[in-house]
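K.L.:
Quick one: this structure, given as structure tokens, is what I'll be asking you about.
The values are calculated or read from the model by the stated rules, or taken from the named source; none is laboratory data. The model shown is predicted, which means the values in this text are computed figures rather than measured ones. Heads up, the Cβs are rebuilt from the backbone with ideal geometry, glycines too, and the neighbour counts pull from every protein chain shown. SASA here: full protein model, heavy atoms, side chains in, ligands and nucleic acids out. Shrake-Rupley method; radii C 1.70, N 1.55, O 1.52, S 1.80 Å.
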Amino acid sequence: MKLQQLYYIREVAKHGLNVSATAETLYTSQSGISKQIRMLEDELGLKIFQRGGKHLTEITQVGEVIISLADEILERADKLKQVALEYTDEHKGTLSIATTHTQARYVLPSIVRRFRNKYPDVALHMHQGTPMQISELAAKGTVEFAIATEALELFENLVMMPCYHWNRSVIVPRQHPLTQLDKLSLEAIAAYPIVTYVFGFTGRSQLDRAFDKAGLRPQVVFTATDADVIKTYVRTGMGVGIVASMAHDAVQDADLESIDASHLFERATTRIGFRRGIFLRNYMYDFIELFAPHLKRRMVQQAAQTDDKRELEQLFGGLELPVL
């Protein structure tokens, strides 16, 4: 039994049993993959895949178990390589991060710049998506870190750590009537069409709860996952925007006014999460601390070693998080 054979059955399963597509992705031959799979099946004395002619048609019941075990073995083998690499060259490697547009555009650039200055030989890969997509990527081990506000708590195998709080602002063109109010209210906002985030994205659920609690049904006329897109449509006059306060740039958005709405909506908390059990290299601990200075290595290690939510709450309960 070879690791390569386990790798092939896992990748074939990921590619919908399409051996040709798998071979193309792995830059190898279709016949080579098929041969290795049959050799593994012969060694085990059972079928991992059902076949119809020359094509794989489905995964057998025992095949599902074998592929799951293969995934665990390959993950452990990769961890061995990571440990070895840590001790041979701790300044080289890769770091994959999944996050939202708001984080990637407004928060991470300065962090990434400082990280790159310290680790120029570490390749960074940034994946953007919805909070659910981000959480899934981390839960499956596709990326090392997930940074988001929503959905991280839905995955039990993620270690989640609080980074900072943030509030919302209403974005409008200059001289808009809302800028003339002494104090912004939910009723005043609800009088206008609203342009904001897609539901389940960047704290949108908290925004909806605030209007529901006040008995208001605002007219949301346009939603997007990208704060810059939201601002673009505010400029067209489509409606007033509600975005994370950090998404307003006083220089680049000089034609728009940002009105603080922190007294109207519950503040949100951005978290960084990683899959429980992964091997964190030194530069990964450093990235976490650059992003959230209060998350020191020992605290991260403590969080990784417990799956009790109450213990995690106690661990992070006394922290004073910054507010962006």
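K.L.:
If you check every pair at least six apart or on different chains, which have Cβ atoms under 6 Å apart with a residue in region 211-235 that is farther than 20 Å from E187 by Cα first and a residue that is open to solvent by 60 Å² or more (accessible area, probe 1.4 Å) second?
P.N.:
From residues that are farther than 20 Å from E187 by Cα, there are no pairs.
K.L.:
Further, regarding this structure: F287 - would you say it is buried (at least 17 other Cβ atoms within 10 Å of the Cβ), modelled with pLDDT of 95 or more and on the phi < 0 side of the Ramachandran plot?
P.N.:
Answer is yes for this residue.
K.L.:
Taking the condition of being small (G, A, S) and either open to solvent by 30 Å² or more (accessible area, probe 1.4 Å) or touching a residue at least 60 places away in the same chain (Cβ under 8 Å) (or both), how many residues in region 96-152 meet it?
P.N.:
Summing the residues that are small (G, A, S) and either open to solvent by 30 Å² or more (accessible area, probe 1.4 Å) or touching a residue at least 60 places away in the same chain (Cβ under 8 Å) (or both) in region 96-152 gives 8.
K.L.:
Here's something else I'd like to know. How many residues are free of Cβ contacts under 8 Å to residues at least 12 places away in the same chain and open to solvent by less than 80 Å² (accessible area, probe 1.4 Å) when one looks only at region 61-77?
P.N.:
Count: 1.
K.L.:
When you check L207 against the structure, is it modelled with pLDDT of 95 or more, open to solvent by less than 10 Å² (accessible area, probe 1.4 Å) and more than 30 Å from K296 (Cβ to Cβ), yes or no?
P.N.:
No, not satisfied.
K.L.:
Looking only at region 177-200, decide whether some residue is open to solvent by 20 Å² or more (accessible area, probe 1.4 Å), aromatic (F, W, Y) and closer than 30 Å to V122 by Cα.
P.N.:
No: region 177-200 contains no residue that is open to solvent by 20 Å² or more (accessible area, probe 1.4 Å), aromatic (F, W, Y) and closer than 30 Å to V122 by Cα.
K.L.:
Another one. Considering only strands (runs of 3 or more DSSP E) fully contained in region 218-324, which possess at least 1 residues that are of a type in the set (K, R)?
P.N.:
Fully inside region 218-324 and qualifying: 268-275.
K.L.:
I've got another one for you. Could you list, in sequence order, all residues of region 153-193 that are touching a residue at least 40 places away in the same chain (Cβ under 8 Å), touching a strand residue (DSSP E or B) at 6+ places or on another chain (Cβ under 7 Å) and farther than 24 Å from V234 by Cα?
P.N.:
Across region 153-193, the qualifying residues are N157, L158, V159, M160, M161, P162, C163, Y164, H165.
K.L.:
Can you pull out every residue in region 9-60 that is under 35 Å from the mean Cα position of the chain (by Cα), open to solvent by 20 Å² or more (accessible area, probe 1.4 Å) and among the hydroxyl-bearing types (S, T, Y)?
P.N.:
Within region 9-60, S20, T25, Y27, T28, S29, S34, T57 meet the criteria.
K.L.:
Oh, and also: Quick one: S135 ticks every box in (1) in a helix (DSSP H, G or I); (2) under 24 Å from E75 (Cα atoms); (3) more than 14 Å from the chain's Cα centre (by Cα) bar one, so which box is it?
P.N.:
Of the numbered conditions (1) in a helix (DSSP H, G or I); (2) under 24 Å from E75 (Cα atoms); (3) more than 14 Å from the chain's Cα centre (by Cα), the odd one out for S135 is (3).
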